[in-house]
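Novice: First the structure, then my questions, so here it is.
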Amino acid sequence: MIKIAPSILSCDFARLGEEAAAIQAAGGDWLHVDVMDGHFVPNISLGIPVVQSLRKATNMPLDVHLMISDPGAYIPQFVKAGSDWITFHVESEGDPVKNIQLIHSLGVKAGISISPDTPVQVLDPLLPLVDLVLVMTVRPGFGGQSFMADMMDKLDYITKKCLQLGISPQLEVDGGISRETAGIAAAHGARILVAGSAVFGKPDYRVAIDEIRQAALAHC
Ligand code: DX5
Ligand code: ZN
């Protein structure tokens, strides 16, 4: 019903494999992997070799979130590295339909993400094509920012649109998710919750994941 996807962006990178294993042991459902190129967003995070290493360290689904300018140029390498889900931004370069088709042709699930300043209607033609829609609840680029509750209108719009179309892509939220905000997102239809600092910033990952999950389940 609810999946928690801890974001590896907030982990101790010197202990990458241990951190991934700890998240799996703590009951994390997916591992969210934030890829930033210093161009699409004003930050540089990690790339293909890190996804490859994570693939060896865990069998959790790898939920790769590409915050890069030209996703089409790198999708094949991220697939080869072991991604299970690849989500790119509707604001990035290239034809989103072609990128979705490319991801699918390589046997991986495709997601589309939308940044806070982008009107949700741009997603209309893409909704029937994707497996997942990722609504950003912070400006992409950094962990530890505050949840933007005004993005809930986008979740409502997407939910209504998908109902009209008779489709049901996964609905994911990313940014500022904690036990305080998870319920709000779940009440508006989010079923996959990404959480970075609210998991890795806590001493006990299991407790942190459970608290976020319970808060969400209470509002489904
Ligand atoms: C932001 C990333 C998020 C980030 C979430 O650009 O896409 O996944 O790691 O971190 P928190 O949960 O701390 O907001
Ligand atoms: Zn992310």
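The values are calculated or read from the model by the stated rules, or taken from the named source; none is laboratory data. Here the structure is a predicted model, which means the values were calculated and not measured. Cβ sites come from the backbone with ideal geometry, for glycine too, and all protein chains shown count toward neighbours.
Novice: Can you give me the number of residues within the range 58-74 that are touching a strand residue (DSSP E or B) at 6+ places or on another chain (Cβ under 9 Å) and either on the phi > 0 side of the Ramachandran plot or assigned to a helix (DSSP H, G or I) (or both)?
Specialist: Residues that pass the stated criteria total 3.
Novice: Let me confirm something: among Ala149, Ala190, Ala198, which residue is in contact (Cβ under 8 Å) with a residue 40 or more places away in the chain and of a type in the set (Gly, Ala, Ser)? Quick ask: steps written out before the conclusion?
Specialist: Numbers: Ala149 fails: in contact (Cβ under 8 Å) with a residue 40 or more places away in the chain; Ala198 fails: in contact (Cβ under 8 Å) with a residue 40 or more places away in the chain.
Only one candidate qualifies: Ala190.
Novice: If we keep just the residues of the range 9-44 that are buried (at least 18 other Cβ atoms within 10 Å of the Cβ), among the aliphatic types (A, V, I, L, M) and free of Cβ contacts under 8 Å to residues at least 60 places away in the same chain, which is farthest from ligand 2 (Cβ to nearest atom)?
Specialist: Looking at the filtered set, the residue picked out is Ala20.
Novice: Another question, then. Of the residues in the range 101-149, how many are among the β-branched types (Val, Ile, Thr) and under 23 Å from Leu46 (Cβ atoms)?
Specialist: Within the range 101-149, residues that are among the β-branched types (Val, Ile, Thr) and under 23 Å from Leu46 (Cβ atoms) number 7.
Novice: When you look at Ser83, is it touching a helix residue (DSSP H, G or I) at 6+ places or on another chain (Cβ under 9 Å) and surrounded by fewer than 19 Cβ atoms within 10 Å (Cβ to Cβ), yes or no?
Specialist: No; evaluated as a whole, the condition is false for this residue.
Novice: Considering only the range 154-187, state which residues are basic (Lys, Arg) and surrounded by 14 or more Cβ atoms within 10 Å (Cβ to Cβ).
Specialist: Of everything in the range 154-187, those that are basic (Lys, Arg) and surrounded by 14 or more Cβ atoms within 10 Å (Cβ to Cβ) turn out to be Lys154, Lys161, Arg179.
Novice: Another question, then. So, in the range 75-91, exactly how many residues are outside any loop (DSSP other than H, G, I, E, B) and away from ligand 2 (no atom under 16 Å from the Cβ)?
Specialist: Final tally of qualifying residues: 5.
Novice: Still on this structure: Could you tell me whether any residue of the range 130-144 is more than 18 Å from Gly196 (Cα to Cα), surrounded by 15 or more Cβ atoms within 10 Å (Cβ to Cβ), over 15 Å from the mean Cα position of the chain (by Cα) and modelled with pLDDT of 95 or more?
Specialist: No - not one qualifying residue is present in the range 130-144.
Novice: Is there a residue being within 13 Å of ligand 2 (Cβ to nearest atom), assigned to a loop (DSSP other than H, G, I, E, B), without any contact (Cβ under 8 Å) to a residue 60 or more places away in the chain and touching an Asp or Glu at 6+ places or on another chain (Cβ under 8 Å) anywhere in the range 46-55?
Specialist: yes
Novice: Right, something else. Name the single residue, out of those in the range 160-215 being part of a helix (DSSP H, G or I) and in contact with a His (Cβ under 9 Å, 6 or more places away or on another chain), that is nearest to His89 (Cα to Cα).
Specialist: In the first step, residues of the range 160-215 are kept if they are part of a helix (DSSP H, G or I); the result is 160-165, 182-187, 197-200, 205-215.
Add one more test, that the residue is in contact with a His (Cβ under 9 Å, 6 or more places away or on another chain), and what stays is 182-187.
Numbers: Ala182: 23, Gly183: 25, Ile184: 23, Ala185: 20, Ala186: 22, Ala187: 24 Å.
This residue is Ala185.
Novice: I'd like the full set of residues that are within 16 Å of ligand 1 (Cβ to nearest atom), within 24 Å of Leu62 (Cβ to Cβ) and out of contact with any Pro (no Cβ under 7 Å at 6 or more places or on another chain), limited to the range 182-195.
Specialist: Ala182, Ala185, Ala186, Ala190, Ile192, Leu193, Val194
Novice: Met1 is checked against (1) touching a Leu at 6+ places or on another chain (Cβ under 9 Å); (2) not in a loop (DSSP other than H, G, I, E, B) and fails just one. What number does that condition carry?
Specialist: (2) is the only condition that Met1 fails.
Novice: Could you tell me whether the range 118-127 includes any residue that is out of contact with any strand residue (DSSP E or B) (no Cβ under 8 Å at 6 or more places or on another chain), away from ligand 1 (no atom under 14 Å from the Cβ), assigned to a loop (DSSP other than H, G, I, E, B) and at positive phi?
Specialist: No, because not a single residue in the range 118-127 is out of contact with any strand residue (DSSP E or B) (no Cβ under 8 Å at 6 or more places or on another chain), away from ligand 1 (no atom under 14 Å from the Cβ), assigned to a loop (DSSP other than H, G, I, E, B) and at positive phi.
Novice: For residues that are hydroxyl-bearing (Ser, Thr, Tyr), buried (at least 20 other Cβ atoms within 10 Å of the Cβ) and within 19 Å of Ala110 (Cβ to Cβ), tally how many sit in the range 45-80.
Specialist: 0
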